[in-house]
1. Go through (1) within 14 Å of ligand 2 (Cβ to nearest atom); (2) buried (at least 16 other Cβ atoms within 10 Å of the Cβ); (3) not in a strand (DSSP E or B) for Gly271 and report which single condition fails.
2. I'd like to check something: does segment 275-291 contain any residue that is under 20 Å from Ala199 (Cβ atoms), β-branched (Val, Ile, Thr), in a strand (DSSP E or B) and within 18 Å of the chain's Cα centre (by Cα)?
3. Name every residue in segment 62-79 that is assigned to a loop (DSSP other than H, G, I, E, B) and either under 13 Å from Ile38 (Cβ atoms) or of a type in the set (Val, Ile, Thr) (or both), in order of residue number.
4. What do you reckon, is Val59 more than 16 Å from ligand 1 (Cβ to nearest atom) and in a helix (DSSP H, G or I)?
5. Restricting attention to segment 98-122, which residues are in contact with a Leu (Cβ under 8 Å, 6 or more places away or on another chain) and near ligand 1 (Cβ under 8 Å from one of its atoms)?
6. Looking only at segment 62-97, which residues are within 11 Å of ligand 1 (Cβ to nearest atom), of a type in the set (D, E, K, R) and under 30 Å from Thr191 (Cβ atoms)?
7. I'm checking my understanding of the structure. Among residues of segment 225-253 that are within 15 Å of the chain's Cα centre (by Cα), over 10 Å from Leu159 (Cβ atoms) and within 11 Å of ligand 1 (Cβ to nearest atom), which one is surrounded by the fewest Cβ atoms within 10 Å (Cβ to Cβ)?
8. Output the number of the condition that Ser190 fails; it satisfies all remaining conditions of (1) within 19 Å of the chain's Cα centre (by Cα); (2) part of a helix (DSSP H, G or I); (3) of a type in the set (S, T, N, Q); (4) surrounded by fewer than 18 Cβ atoms within 10 Å (Cβ to Cβ).
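Since every read-out is calculated from the coordinates, none of them should be taken as a lab result. Given the structure is predicted, the values throughout are model-derived calculations rather than measurements. When we count neighbours, we look across all protein chains shown, and the Cβ atoms used for this are built from the backbone with ideal geometry, even at glycine.
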Amino acid sequence: MAKDPVRVLVTGAAGQIGYALVPMIARGVMLGADQPVILHLLDIPPAAEALNGVKMELVDAAFPLLKGVVATTDVVEATTGVNIAVLVGGFPRKEGMERKDVMGKNVSIYKSQASALEKHAAADLKVLVVANPANTNALILKEFAPSIPEKNISCLTRLDHNRALGQISERLNVQVSDVKNVIIWGNHSSTQYPDVNHATIKTSDGEKPVRELVADDAWLNGEFISTVQQRGAAIIKARKLSSALSAASAACDHIRDWVLGTPEGTWVSMGVYSDGSYDVPAGLIYSFPVTAANGEWKIVQGLPIDEFSRKKLDLTAQELSEEKALAYSCLS
Ligand SMILES: NC(=O)C1=CN([C@@H]2O[C@H](COP(=O)(O)OP(=O)(O)OC[C@H]3O[C@@H](n4cnc5c(N)ncnc54)[C@H](O)[C@@H]3O)[C@@H](O)[C@H]2O)C=CC1
Ligand SMILES: O=C([O-])CC(=O)C(=O)O
């Protein structure tokens, strides 16, 4: 029997990530090739005409899985009945800006969208915040939507995770699909800690540690980390626009693995509400290694954390605590 359609909200749908993301969702990249979808697209009035253009193109693409498109500038209409919300709407960072610089503009959007989602979305709503500062926007959303279970609110660090896989694959000249279990800890910002201490590569002799195959700790502890941390800025410098196709693809990976489950023996990185695991302060949205099954994620427990890593986990937690305070000061 055909499945019932899932309603997926994309905010900022007239923007550049939105333009890359909506066709992926309509093709089944996010929820599977047998899952019909109804897209809810939200943007603000100055972008209404462009948003309508996106809707026209979705119609023109004749996607078999796409059962409807609601394109609107009305938050209530956009959020009504949605099962999944991918929140991309906001102001992107420009060259020379840190993600903190876009804080004031964005947190107030997330406060008001929290209320709309709480009132109008489906009971099983899952939220992915993409817009920066992604962790802190997600935290504000959580705090101003107390009836949405905290386990249903997350932010995107999968792009950073995929960037780390990509760097290892390039360095060793191996297939990216043979690299797994890198971790992005902490904030989706330049303090994030891309950790390869538990990452492996599939070889003809079985799985081997990334550290052993790279055999260059100076690179792994230095340039590798800074390249992943600064990749967003490098893309902005090259394109004069921030990452879009890779961000859209990562958003699909994030939701797909959350809803459909992670492969056996593989974890991914997701920004989720901290419960104090790994001595990360509770009450932050922090990126952890997670596995998912039956639509629920779980933080991978018990990984040994060496002294080098400990400092980096703490540094990015510190930044998130400061961002939280700054966000509240922007809201007051
Ligand atoms: N977490 C991650 O890995 C990444 C996050 N980002 C962030 O994603 C966000 C979107 O990036 P782009 O698509 O490149 O930006 P964009 O400027 O092309 O699109 C943003 C869209 O959001 C709309 N918008 C603004 N306020 C809104 C509101 N209140 N409600 C609904 N829509 C609203 C704008 O009109 C625009 O159409 C930015 O905050 C960017 O920094 C970008 C790349 C990666
Ligand atoms: O760097 C930015 O502002 C956009 C972004 O989040 C990324 O590409 O990781």
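1. So Gly271 meets the others, but not (3).
2. yes
3. Looking only at segment 62-79, we keep the residues that are assigned to a loop (DSSP other than H, G, I, E, B), and these are 62-65, 73-74.
Correct list: Phe63, Leu65, Thr73.
4. Working: more than 16 Å from ligand 1 (Cβ to nearest atom): yes; in a helix (DSSP H, G or I): yes.
The answer is yes for Val59.
5. Gln113
6. Listed by number, the residues that qualify are Arg93, Lys94.
7. Result: Leu245.
8. Result: Ser190 passes all but (2).
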